[in-house]
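Inspection log for the structure reproduced underneath, given as structure tokens.
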Amino acid sequence: MAEWNAYYHNEDEDEEQEEGEQADGTYKITGRDSLVFLVDASKEMFIKGEDGQPSNFDMTMQVVRSVYTSKIISSHRDLVALVFYGTEQSKNPRNSFKHVYVYHDLDEPGAKKVQDVDALRGDKGAQLAAETMGSGETSLGDALWCCSNLYSDIKLRLSHKRLMIFTCRDEPHSGDSTKDRQARTKASDLKETGVVIDLMHLMKPGGFDASLFFCDIVSPPDDESEMGLQLKPSDKLEDLTKRVRAKDQKKRAMARLKLCLGEDINVAVGIYATSVSARKPGAIRLYRETNEPVRSKTRTFHTQTGSLLLPSEIKKAQVYGKKKIVMERDEVDVIKKFDEPGLLLIGFKSMERLKLHHHIRASVFLYPEEDEVKGSACLFSALLKKCSEKNVFALCRFISRRNYPPRFVALVPQKEEFDNGKVQITPPGFNAIFLPYADDIRTLDPPQHPSASQTQVDKMKEIVSKLRFKYRSDAFENPVIQQHYRNLEALALDMMAPEETEDLIMPKVEQIDSRLGPLVQEFKDLVYPAGYNPESKPAAKRKTAETGGGAEKKPKVEVPEDELRAHVQNGTLGKLTVPVLKEACKQFGVRTTGTKKQELIEALIARLG
């Protein structure tokens, strides 16, 4: 029974990949992310900006709400918490710390938490915060200690721990050296336990000087690519949201492998997915009486006896010729294993040799892992610099996991880039472009069409130049997914109606017409004959009575007996289509129990083999 229970798992659980890599680049990560928002609740945070700009507290609450809703959608198992410091009232586990108010414990995000944060937004939210928490003395050391207790009370495995401090005061203790020293000590203790502390400093009159206090509180950058402490404070909601997203974005590796540059020269690298296809979550089946989730189980039975089969009684086979090749599970594993996982440098090629049609699937990103092999970052940086200078890519053999087939990849260098706010928008590293094998390349025979005249080409160039715009993939959201989650959000938060979503992929017809002017009509006059309407469809032609009337029947496709026997002898029946196989069965009087291709092939082999 133990063998049965171990083998007959639920359909909902992940099954082993039979062959090749997952085309969509999905991967499974152990552990959960955790994020604590530590927000300053002093009176300075509630002062509104110029020209009706929202207060720093209001901007912070909008960012917190945005992160909550995105966590619910993308990673609902992550843990989030909201803690205020500098409050008049105190609310924390065992009420051990004064002027610290734990608004949300470290737990999974939910609709109730989003509603709580919504209540703190705007003028009414500021009034509610003043009545509930108030503003009092500040002790950042006690606030950090309270956050440390929140982490220690969690018994789950956490893969990443981050704490974000939102404040507009560069000297929270007004020069109190005792409180400053206590906060620095507690911040050091938190960082030793693996908590990453980030400062999201906000605009205040006279500017924010992080060097006075917070430069000793925040965590140093994980690597040279991160800026760590931003020098310029955030004065706009978009800027603050962008910085929080940059810090909160997952940077967990799909795999950590060794890049072999030569004999005994290995560099540890992490493999990251730069883009994963977003999909609507699948429906969860519920029991109609209790609304509890139900699970389905799969069992395998013998077709003749009906007995339940053990895993050891099941084998795999493949037809080669007219013979079934039966293999044990261990034999299949040995056949699939090519080499140990990793990257092996083959050589370097000019970037001109890399063509656009070589990109057959989404690329992955390589970044050094200094913790795995010391010196990896230095050697990786030198390789990246030289490849960029010489405009070449590194050609490597890539095996991502055990029993995965090898692939050829082109490591294309990518330089680091920053935006105007000194926020990193492009990290340094290599993009691994998956290259096709010779078997993957198809020879196309495109249909012949009349070529356009030079006048028509020039006119189309004018149209294209008028409609050019700067494209950014992050500027266009999937309208179907956005509408789906808006509907779920409205149901979960008891909203009267879901928020309207703008379909950004719809063409702006009026703007296009105003840009083009008479160019469209001029192009139509050059291409189409007079009086032709390209939008009207021609009427479907029917067969005349002379040809028998009605639709013409497809001729029967018969295969000569000699040719069919040759296919059976060579094991190439699979090349024939299902209609041809069915006609062959009728031709030789072969009766089949099914209509699947494999059943038809087996019946013909049994008859003619």
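The values are calculated or read from the model by the stated rules, or taken from the named source; none is laboratory data. Bear in mind the structure is a predicted one, so any value in this text is a computation, not a measurement. With ideal geometry, Cβ positions are generated from the backbone for all residues, glycine too; neighbour counts draw on all protein chains shown. These accessible areas exclude ligands, DNA and RNA; they are computed on the full protein's heavy atoms, side chains included. Shrake-Rupley method; radii C 1.70, N 1.55, O 1.52, S 1.80 Å.
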query: Measuring from label point to label point, each 7 Å out along Cα→Cβ, what is the N533 to Q521 span in nm?
result: 1.7
- prompt: In segment 32-248, what percent of the accessible surface is made up of carbon and sulfur (1.4 Å probe, ligands and nucleic acids excluded)?
  reply: 48
field: Cα long-axis angle, helix 578-587 against the chain (0 to 90 degrees, to the nearest 10)
entry: 30
task: Specify whether the C-alpha gyration tensor of segment 93-178 places it in the rounded, prolate or oblate class, a ≥ b ≥ c being the square roots of the eigenvalues: rounded for a/c under 1.5, otherwise prolate if a/b is larger than b/c and oblate if not.
output: oblate
field: Accessible area, probe 1.4 Å, largest first, for residues K459, K71, K179, K508
entry: K508, K179, K459, K71
message: Ordering Y287, Y471, Y272 by accessible area with a probe of 1.4 Å, largest first, what comes out?
response: Y471, Y287, Y272
field: Given charges at beta-carbon only (K, R positive; D, E negative), |dipole| of segment 561-606 in Debye
entry: 200
task: Compute the distance in nm between two label points, each set 7 Å from the Cα along the Cα-to-Cβ direction, one at V294 and one at K155.
output: 3.2
statement: Between the modelled labels at K386 and R565 (7 Å from Cα along Cα→Cβ) the distance in nm is 6.5
- request: May I ask for the angle, rounded to the nearest 10°, between helix 454-466 and the longest principal axis of the chain, with both axes built from Cα atoms and the value confined to 0 to 90°?
  value: 30
- prompt: Going 7 Å from the Cα of T178 toward and past its Cβ, which residues in segment 117-141 have a backbone nitrogen under 17 Å from where you end up?
  reply: 137-141
- request: Assuming a ≥ b ≥ c are the square roots of the Cα gyration tensor eigenvalues, decide whether segment 434-509 counts as rounded (a/c under 1.5), prolate (otherwise, with a/b larger than b/c) or oblate.
  value: oblate
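Considering only DSSP beta bridges whose two residues both sit in the chain, what percent are antiparallel, to the nearest 5?
65
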task: Report the FRET efficiency, 1/(1 + (r/R0)^6), for L504 and D107, where r is their Cβ-Cβ distance and R0 is 45 Å, rounded to 0.05.
output: 0.85
message: Given Cβ point charges of +1 (Lys, Arg) and -1 (Asp, Glu) and nothing else, what value in debye, to the nearest 20, does the dipole of the chain about its Cα centre take?
response: 2180
message: If amide hydrogens are placed 1.01 Å from N in the peptide plane, which non-local residues have theirs closer than 5 Å to the one on F348?
response: L395
task: Would you list the P(r) distribution for the chain, with all Cα-Cα distances sorted into 20 Å bins from 0 and each bin expressed as a whole %?
output: 13, 35, 35, 15, 3, 0
field: Folded to 0 to 90 degrees: helix 237-248 orientation relative to the chain principal axis, Cα
entry: 70
message: Given the options V457, L163, P479, identify the residue whose Cα lies farthest towards the positive end of the charge dipole of the chain (+1 on Cβ of Lys, Arg; -1 on Cβ of Asp, Glu).
response: V457
task: Quick one: net charge around L384, please, counting Lys, Arg +1 and Asp, Glu -1 for every other residue with C-beta under 11 Å from its C-beta.
output: +1
- line: Residue span D116 to R285: 0.36 nm per residue of separation minus Cα-Cα distance leaves a gain in nm of 57.9 nm
query: Under a 5 Å amide H to amide H cut-off, with H placed in plane at 1.01 Å, what residues pair with L163 once short-range neighbours are removed?
result: V36, V196, I197, D198
- prompt: Going from most exposed to least, what order do F338, F214, F208 have by accessible area with a 1.4 Å probe?
  reply: F338, F208, F214
query: Assuming R0 = 41 Å, what is the FRET efficiency of R77 and R591, from their Cβ-Cβ distance, to the nearest 0.05?
result: 0.15
For D170, residues with placed amide H under 5 Å, excluding near neighbours: D209
message: Give me a comma-separated list of calculated 3J(HN,Hα) values for segment 491-501, in order, Karplus coefficients 6.51, -1.76, 1.60 applied at θ = phi - 60°, integers in Hz, x for any Gly or Pro.
response: 5, 6, 9, 6, 7, 5, 8, x, 5, 6, 10
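Report the full-extension gain for the segment E171 to Y437: residue separation times 0.36 nm, less the Cα-Cα distance, to one decimal in nm.
89.7 nm
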- prompt: Counting Lys +1, Arg +1, Asp -1, Glu -1, what net charge surrounds D216 among other residues with beta carbon under 12 Å of its beta carbon?
  reply: +3
field: 25 Å Cα-Cα threshold exceeded, pairs from K466/K524; K355/K470; K204/K470; K124/K191; K113/K280
entry: K204/K470; K124/K191
message: What does the net charge come to around F523 if you take all other residues with beta carbon closer than 11 Å to its beta carbon, with K and R at +1 and D and E at -1?
response: -1
